[in-house]
Amino acid sequence: MLSSHYDPEQLAKLTAAFDQAWPRVLLANGASTRAEWETLRQRLADYILTCASRGEFDPDMLTEQAKRVLVKREGAAPNSQHAA
């Protein structure tokens, strides 16, 4: 179960991770419709919150993990993994 109770410092770190990862995830996945864009944003947020529920709050680590999971690689099948 994902915790919805984070202190302000933790929330700032989670927000920073999202803000760092989002441009790369969006660009790499080529969301072309509003629905695709929203789905991708939700996947990124869910992934970051899943990591936080396991105690990970380092923005750089969260960003790198999210990019590994959510960025499609050329020539590779999309990664359907949602958590590290």
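We did not get these values from a lab; they are worked out from the coordinates using the rules stated. Everything numeric here is computed off the predicted structure, so don't read it as measured data. No Cβ is skipped: glycine too gets one built from the backbone with ideal geometry, and neighbour counts run over all protein chains shown.
Observations
- Summed residue charge, Cβ within 12 Å of Glu64's Cβ, Lys/Arg positive, Asp/Glu negative: 0
- Near Ser32, once Lys and Arg are set to +1 and Asp and Glu to -1 for all other residues with Cβ below 15 Å from its Cβ, the sum equals +1.
- Neighbour net charge for Pro23 - beta-carbon separation under 13 angstrom, K R +1, D E -1: +2
- Relative packing of 57-69, 6-18, 29-41, which averages over residues the other C-beta atoms within 10 Å, highest first: 57-69, 6-18, 29-41
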